[in-house]
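For reference, the structure discussed in these notes is given below.
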Amino acid sequence: MYTIGIDVGGTNLKAGLVNEAFEIVDAKKMPLVWESPEKFAGDLCALATALVEKNGISRDQVQYIGMGVPGVVDVNKGTIVKTVNIPIRNMPVAEMIQRSWDIPVYLGNDADCAALGEFYHFANKDIESLILVTLGTGVGTGIILNGKILRGFNGCAGEGGHMVIVSGGEQCTCGRRGCWERYASASGLIRLTRIAMEQNRSSAMWHVAEGRLEQVDGRTAFTAAREGDDAAKEVVDQYLTYLAEGITNLVNLLQPEVVCIGGGVSNEADEALLFPLQKKVEALRYDKDADRHTLLAKAHLGNDAGIIGAALLGRE
Ligand SMILES: [Zn+2]
């Protein structure tokens, strides 16, 4: 038997045929072009159909479809309440897919799905709890406690990126100031890097960015720090401190067995990112005397986490 996992991204729809070990057998993607709810559901069905046909399997061999959405979903009704990137409001997507695919359709938030994927594939299968922190344009968090996604009574829980860590700090898209994601996301790192460059005209960061602030990305400061540049080392240290503050908040509040770090920034070498971050969290955490401590690790499924996690929704 198989399942189909669908990952609705910002610009693409991706679908994967997933086997019983929850590994991706084959995947297909198409650009996300928004016209109407009918077209959207039709595209999802077309992707699923293309996958089974290409792999020579019948629809009877697919147990269910799981779908991760960047926004709020109503798990019980099978509706997308709203999304951040497309103008969907209260769309009964499960029912619409079931008009052409008569199997169960499960919905989840995309960050939750990615966390579920990492949770299932984490090397130590005995764990019961894991938080995935994804560092991208924002900071996404998916929280798995007692083997289940923490959704909150209305489906909106798990927004760790919007914990305030600097009262009155940087303006956030959510309306508050000083949210964790304004500091710990790749965008936050880029902002810190640019500020430091303007204050240090001789920093190697200028060389790395080819003399242009617009060229700065999430790697600029890490690269210059590796070359020994002091200003860049300070940027990296400041960034890791912000990251550690939020992670420590999550650890103190929920004590998960594992916190995984994913997203583009997490590709930096362990010596530059994971090890100093572990040290900082170790120094900040409340439970220094406890026998067992949360393991801070790198996520390892990368972009596949969304599809695998969506395919796991029916199993949860
Ligand atoms: Zn916010």
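Just so you know, all these numbers are worked out from the coordinates, no wet-lab data involved. Keep in mind it's a predicted model, so treat the numbers as computed, not measured. When we count neighbours, we look across all protein chains shown, and the Cβ atoms used for this are built from the backbone with ideal geometry, even at glycine.
Among the trypsin sites (Lys or Arg not before Pro) within the stretch 160-227, those in coil by DSSP and having at most 16 neighbouring Cβ atoms inside 10 Å are R176, R201, R212. The per residue volume of the convex hull around the alpha-carbon atoms of the stretch 60-120 is 88 Å³. One Cα centroid belongs to the stretch 112-128, the other to the stretch 1-74; the line between them spans 21 Å. Here, the stretch 127-299 is characterised by an Rg to Rh ratio of 0.99, where Rg is the alpha-carbon radius of gyration and Rh the Kirkwood radius. Each of L254 and H293 was given a label point 7 Å from its Cα along the Cα-to-Cβ line. The distance between the two points is 2.0 nm.
The stretch 135-177 and the stretch 183-244 have Cα centres spaced 25 Å apart. Computed across the stretch 2-103, the Kirkwood radius stands at 13.8 Å (inverse of mean 1/r, all Cα pairs). Along the chain, the exposed loop sites are chymotrypsin sites (Phe, Trp or Tyr not before Pro) outside DSSP states H, G, I, E and B with at most 14 other Cβ atoms within 10 Å, and the longest stretch free of them is 154-285.
Debye-formula intensities of the stretch 110-172, expressed as log10 I(q)/I(0) at q = 0.15, 0.27 Å⁻¹, are -0.50, -1.14 (one equal scatterer per alpha-carbon, no solvent). For the stretch 173-261, the set of GluC sites (Glu not before Pro) satisfying both a DSSP loop assignment and a count of at most 14 other C-beta atoms within 10 Å is given as E210, E227. Below 8 Å between Cα atoms, with a sequence gap of 6+, how large is the relative contact order for the stretch 127-299 in percent? That works out to 23 percent. Comparing Q63, I88, G5 along the charge dipole axis of the stretch 2-103, the residue lying farthest to the positive side is I88, per the Cβ-charge model. Computed over the stretch 274-316, the alpha-carbon pair-distance distribution with 10 angstrom bins reads 22, 31, 25, 22, each value a whole percent.
Of the trypsin sites (Lys or Arg not before Pro) found in the stretch 52-130, the ones in coil according to DSSP and having at most 11 other Cβ atoms within 10 Å of their Cβ are R99, K125. With a Förster radius of 45 Å applied to the beta-carbon distance between A157 and H207, the computed FRET efficiency rounds to 0.55. Using a Gaussian network model of the chain in which every pair of alpha carbons under 10 angstrom is joined by a spring, one finds that among A221, A209, A186 the greatest mean-square fluctuation is at A209. With bins 10 Å wide beginning at 0, the percent of Cα pairs of the chain falling in each bin runs 6, 26, 30, 23, 12, 3, 0. If the segment from R315 to F275 were pulled out straight at 0.36 nm per residue, it would be longer than the present Cα-Cα gap by 11.0 nm.
What residue among L253, L295, L273 shows peak mean-square fluctuation when the chain is described by a Gaussian network model with Cα springs under 10 Å? Comparing L253, L295, L273 in the GNM, the peak value goes to L253.
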